Amino acid sequence: MGQRVRHPRARLPTRTPSWRHGLVLLVVLLAVCGAGIGLYLDDRVARQKSLTVGAEPAPRDRLDIEAAIRQTDPEQRTATLQLTAAPHGKYGDGDGSPVEDITLITNAPDGNTLPLKADSTAWLKEISVPLTEGTASDYPFDRYAATLVVGAIADHQQVPVTLRFRDQDPYFAITPHTSDYEDGVAAVTADVERSRSTFILAWFMIAAMWTVALAVVVACWLVVRQGRGLVWGALGWMAGSLFALVGLRNAASGNPPNGSLLDYAAFYWAEALIALSLTWLVLHGVLVEHRTGGPVPDPSRTAALRSPRLRHRPGPRRVRGRRPEP
């Protein structure tokens, strides 16, 4: 007799422990959160940097001016700055108050002369400088340029100034690229562009709009291909997506104008695809239910009901020659 051949036992596929999946998910979550915090800290450090323009070394008798950009308005094409001044040397009393009247001269159209009265305290003024170049319709890639020129006069004599320029606008990144100081007058020219957070949100909105629109198109194609009628759940979801994208567009950071690059890149196309899919699905459902005389049942359920096994169920069989037990 031949020897029996023993077949090796089939090895069952090993399953990865569930705790490993949880550990991988936790590591990915921590990495994403860490990357976000790192981006925030980097952006925060960049915003805290300031540019100082003035004579080197700074003279003892001078006027320190701090200019902080608080708000940028592309529609009005202006940048609002907050100015504070602190006299030193013979121009101040040691407590931050001027001992004589000083007049600040700027390039702001709405306030090119700003008086600083003697013995005044807590001096604070706001001015607006014009934005040059760029257009708001390029959102979120619009870029501008802003120039600030500051000088001071006291008793008909030029007062040396030291200008400290910094950014405090959360929606824009202001980066000085040129500075000049001549005859006691300080000037700074800065590039103005959207902040990093605005860029991230704008790209997310573009991706979200296209994702929702393509999801609606695929769902509409599946319903039409399956020959269904009016699927009210799908119609409600599509109509809700149509109006939800309008709210998402209006929530864009910085209030971009209608007809911006964001609209032509994603919003208009997404709204058009959803509206066309919704209209196509309604017309198809109306025609199907008109031909069938009512709602179309689920195809899987209809096939199950038409199956001969379910329509003709065999009854209990009697065995001949065998009496039923009492």
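The values are calculated or read from the model by the stated rules, or taken from the named source; none is laboratory data. Please read all numbers here as calculations on a predicted model, not as lab measurements. Because the Cβ atoms are built from the backbone with ideal geometry, glycine has one as well, and the counts that use them run over all protein chains shown. The protein model used for the area step is the full one, side chains on, heavy atoms only, and it has no ligands, DNA or RNA in it. Shrake-Rupley method; radii C 1.70, N 1.55, O 1.52, S 1.80 Å.
Quick rundown of the values:
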| quantity | calculated |
| --- | --- |
| Any chance LEU30 is at pLDDT 75 or above, open to solvent by 100 Å² or more (accessible area, probe 1.4 Å) and in a helix (DSSP H, G or I) | yes |
| Members of the stretch 135-150 found to be closer than 18 Å to TYR264 by Cα and crowded, with 17+ Cβ neighbours inside 10 Å, listed by number | ALA136, TYR139, PRO140, ASP142 |
| Residue list for the stretch 56-91, filter: within 23 Å of ARG194 (Cα to Cα), open to solvent by 40 Å² or more (accessible area, probe 1.4 Å) and of a type outside the set (D, E, K, R) | GLN71, GLN76, THR78, GLN82 |
| Output for the stretch 160-210, where each listed residue is among the polar types (S, T, N, Q) and not in a helix (DSSP H, G or I) | THR162, GLN168, THR175, THR178, SER179, THR189, SER195 |
| Failed item, numbered, when ASP95 is tested on (1) at negative phi; (2) under 42 Å from the mean Cα position of the chain (by Cα) | (2) |
| Residue match in the stretch 32-42 (condition: on the phi < 0 side of the Ramachandran plot and over 20 Å from the mean Cα position of the chain (by Cα)) | no |
| ASN255, sole failed condition from (1) open to solvent by 20 Å² or more (accessible area, probe 1.4 Å); (2) polar (S, T, N, Q); (3) modelled with pLDDT of 90 or more | (3) |
| Residues that are open to solvent by 40 Å² or more (accessible area, probe 1.4 Å) and either assigned to a strand (DSSP E or B) or touching a Gly at 6+ places or on another chain (Cβ under 6 Å) (or both), drawn from the stretch 106-132 | THR113, PRO115, LEU124, LYS125, GLU126, PRO130, THR132 |
| Where a residue in the stretch 178-201 is free of Cβ contacts under 8 Å to residues at least 12 places away in the same chain and its partner, wherever it lies, is among the aliphatic types (A, V, I, L, M) and part of a strand (DSSP E or B), with Cβ under 9 Å and at least six apart | THR178/ALA187; THR178/VAL188; THR178/ALA190 |
| Some residue of the stretch 92-100 being surrounded by fewer than 15 Cβ atoms within 10 Å (Cβ to Cβ) and not in a loop (DSSP other than H, G, I, E, B) | no |
| Residue list for the stretch 138-166, restricted to those being in contact (Cβ under 8 Å) with a residue 60 or more places away in the chain, farther than 16 Å from SER253 by Cβ and not hydrophobic (A, V, I, L, M, F, W, C) | TYR144, PRO160, THR162, ARG164, ARG166 |
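Listed here are the residues, each with its yes/no results for (1) of a type in the set (S, T, N, Q); (2) closer than 21 Å to THR78 by Cα; (3) touching a Gly at 6+ places or on another chain (Cβ under 7 Å).
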{"site": "THR178", "(1), (2), (3)": "yes, yes, no"}
{"site": "ALA186", "(1), (2), (3)": "no, yes, yes"}
{"site": "SER197", "(1), (2), (3)": "yes, no, no"}
{"site": "MET205", "(1), (2), (3)": "no, no, no"}
{"site": "VAL212", "(1), (2), (3)": "no, no, no"}
{"site": "ALA215", "(1), (2), (3)": "no, no, no"}
{"site": "CYS220", "(1), (2), (3)": "no, no, no"}
{"site": "ARG225", "(1), (2), (3)": "no, no, no"}
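Residue-wise test of (1) within 28 Å of the chain's Cα centre (by Cα); (2) open to solvent by 50 Å² or more (accessible area, probe 1.4 Å); (3) within 30 Å of ILE37 (Cα to Cα).
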| residue | (1), (2), (3) |
| --- | --- |
| GLU193 | yes, yes, yes |
| ARG196 | yes, yes, yes |
| ILE200 | yes, yes, yes |
| CYS220 | no, no, no |
| VAL223 | no, no, no |
| GLN226 | no, yes, no |
| TRP232 | no, yes, no |
| LEU235 | no, no, no |
